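The values are calculated or read from the model by the stated rules, or taken from the named source; none is laboratory data. As the structure is a prediction and not an experimental result, all values here were calculated from the model. Neighbour counts run over all protein chains shown; Cβ positions are idealised from the backbone, glycine included. These area figures cover heavy atoms from the full protein model, side chains too; ligands, DNA and RNA do not enter into them. Shrake-Rupley method; radii C 1.70, N 1.55, O 1.52, S 1.80 Å.
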Amino acid sequence: MSNSKSITVVGAGLVGSLLSIYLAKRGYNVNVYERRADMRKNKMSAGKSINLALSDRGLRGLDGVGIGDEIRKIAIPMHGRFIHAQDGSTNFQPYGKKGQFINSVSRAGINMKLMDLAESMSNVKINFSEFCTAVDSRKGISKFTNENSKEEHSVTSDLVFGSDGAFSAARLSAMLGHDRFEYRQFYLEHGYKELHIPSGPNGEFLMEKNALHIWPRKDFMMIALPNIDGTFTCTLFMRFEGENSFGNIKTKEDVKAFFEKTFPDAIPLMPTLIEDYMHNPTASLVTVKCFPWTFDDKLALIGDAAHAIVPFYGQGMNCGFEDCVVLNELIDKHKENWHDIMEEYQQLRKPDGDAVADLAIGNFVEMRDKTADAKFILQKKIEAWFSEKHPDKWIPQYTMVTYRPDIRYSIAKERGMRNEQIMQEVMAGIPGIENNFQTEEVEKAILSRI
Ligand SMILES: Cc1cc2nc3c(=O)[nH]c(=O)nc-3n(C[C@H](O)[C@H](O)[C@H](O)COP(=O)(O)OP(=O)(O)OC[C@H]3O[C@@H](n4cnc5c(N)ncnc54)[C@H](O)[C@@H]3O)c2cc1C
């Protein structure tokens with residue numbers, strides 16, 4: 001298919017790279033501009049987390065361009081949460097039904113495969129070390145500074161996509177150039193730091209491979225996701241200031257004492273803990289909500305540029321990939337009428353972007369606190385049992401968000417809130433439910449509230 005329209009994509013991160021493939025498959029001439037050097041040629045970090053959780057929405061986006069199976073090959077299935085209590089005891093909490101899992105994948109691994117696929121198409125060019133300084137959406141002009149030569153240049157195209165992440169230059173230009181642009185950006189009081197668990201002497205995993213490990217400690221937590229080389233990438237989420245905080249851990253002795261007290265079972269697995277802690281940066285966690293997402297029928301924001309969210313539902317990338325799927329469907333639906341495509345794109349996706357942002361913040365409390373709470377664990381068991389009995393009547397919120405791309409995030413959030421209310425009522429109203437929940441009384445109590 002050929003198409004005379006030219007498209008500029010700002011940012012060759014996860015979403016920009018996938019989007020460029022979708023657009024190129026439709027025949028558009030796509031030029032991608034990425035501020036960083038080519039990560040396939042230079043050993044460099046892909047930014048943010050080393051690995052991330054890929055679930056069904058994201059896989060749907062990858063399958064749509066035929067690269068899903070290739071990514072599945074470099075993914076490690078995680079069937080549930082493996083909880084590490086402070087006293088060293090552990091328990092496993094499945095994510096869903098048997099056979100349902102999320103996938104741990106390398107961020108750089110997916111990004112590089114997407115770039116390879118994009119560049120294998122004759123109508124895509126990725127231009128590296130090109131820093132976007134501004135986008136004029138009325139004229140379709142994007143301005144760049146080359147990071148090496150420092151030379152400035154402009155590109156005119158029919159359409160521009162801002163996929164340049166949470167601190168998007170495309171979004172900033174749109175904000176400065178348009179009246180009534182709604183914008184809200186807020187940070188959590190918690191930041192994060194990545195740490196490392198190496199593989200065993202023969203390359204083996206030193207903890208359960210097929211799980212997402214969590215050390216919940218109420219106000220803070222550490223998690224670990226497996227990598228295909230037998231290592232785990234750990235992320236410590238903790239306040240910047242206060243009692244248990246990054247601000248309070250200043251010396252090597254502080255690191256040792258803090259880990260000995262709070263994560264004793266992890267210490268033997270982390271021989272480079274102190275060096276990693278002192279060396280690795282502490283990063284912040286931002287949420288961005290804005291509107292509109294499209295401007296003058298020429299510029300659209302997509303991925304984190306439109307909806308940066310905190311990582312606790314493992315959905316930021318998945319949501320960005322879903323943006324690409326929705327946009328692609330709308331191009332079909334509106335037969336390339338870009339006014340209609342852009343309008344419906346933002347009307348459909350904005351409520352979902354807001355919903356997943358809220359869900360992500362809510363899930364932080366669930367992960368760092370509730371996963372260690374007996375009442376919460378009981379609730380999950382009751383929900384799993386009831387939804388097994390009445391799959392047409394009850395879908396747990398985690399299942400809707402993670403495994404059901406056919407259910408919009410905004411609907412999942414709404415139904416999840418209703419589920420929560422019902423469960424609170426039922427659990428409070430039936431004495432002794434913790435001893436036996438698989439009863440007709442519990443079933444009827446839930447059914448009567450649906
Ligand atoms: C700690 C952490 C863990 C996470 N874990 C998960 C997870 O498990 N699952 C999940 O789905 N999501 C996760 N996320 C979210 C996920 O990382 C993002 O949602 C995803 O990276 C968004 O992709 P993007 O392409 O929109 O933005 P980005 O990945 O940020 O890519 C933006 C690209 O644009 C480039 N760029 C930026 N500015 C410019 C400019 N001015 N000019 C040119 N290029 C520019 C950048 O270099 C980058 O390549 C996590 C995030 C964090 C911080």
query: Of all residues in the stretch 90-100, which are under 16 Å from residue 221 (Cβ atoms), open to solvent by 40 Å² or more (accessible area, probe 1.4 Å) and out of contact with any His (no Cβ under 8 Å at 6 or more places or on another chain)?
result: 91
task: Working only within the stretch 92-110, note down all residues that are more than 22 Å from residue 67 (Cβ to Cβ) and assigned to a strand (DSSP E or B).
output: 92, 93, 94
message: Out of everything in the stretch 70-89 that is in contact (Cβ under 8 Å) with a residue 40 or more places away in the chain, open to solvent by 30 Å² or more (accessible area, probe 1.4 Å) and not hydrophobic (A, V, I, L, M, F, W, C), what residue ends up being farthest from residue 384 (Cα to Cα)?
response: 70
- prompt: With respect to residue 377, is the statement that it is crowded, with 17+ Cβ neighbours inside 10 Å, away from the ligand (no atom under 16 Å from the Cβ), more than 30 Å from residue 6 (Cα to Cα) and over 23 Å from the mean Cα position of the chain (by Cα) true?
  reply: no
task: Specify the residue that is nearest to residue 191 (Cα to Cα); the eligible residues are those in the stretch 234-279 that are among the β-branched types (Val, Ile, Thr) and open to solvent by 10 Å² or more (accessible area, probe 1.4 Å).
output: 235
message: When you check residue 346 against the structure, is it closer than 28 Å to residue 19 by Cβ and under 14 Å from the mean Cα position of the chain (by Cα), yes or no?
response: no
message: Regarding the stretch 411-418, can at least one residue be identified that is open to solvent by less than 60 Å² (accessible area, probe 1.4 Å) and in a loop (DSSP other than H, G, I, E, B)?
response: no
- prompt: Which is within 16 Å of the ligand (Cβ to nearest atom), surrounded by fewer than 17 Cβ atoms within 10 Å (Cβ to Cβ) and on the phi > 0 side of the Ramachandran plot, of 154, 129?
  reply: 129
message: Checking the conditions here, which among 296, 229 is under 30 Å from residue 9 (Cβ atoms), surrounded by fewer than 17 Cβ atoms within 10 Å (Cβ to Cβ), touching a Ser or Thr at 6+ places or on another chain (Cβ under 7 Å) and not basic (Lys, Arg)?
response: 296
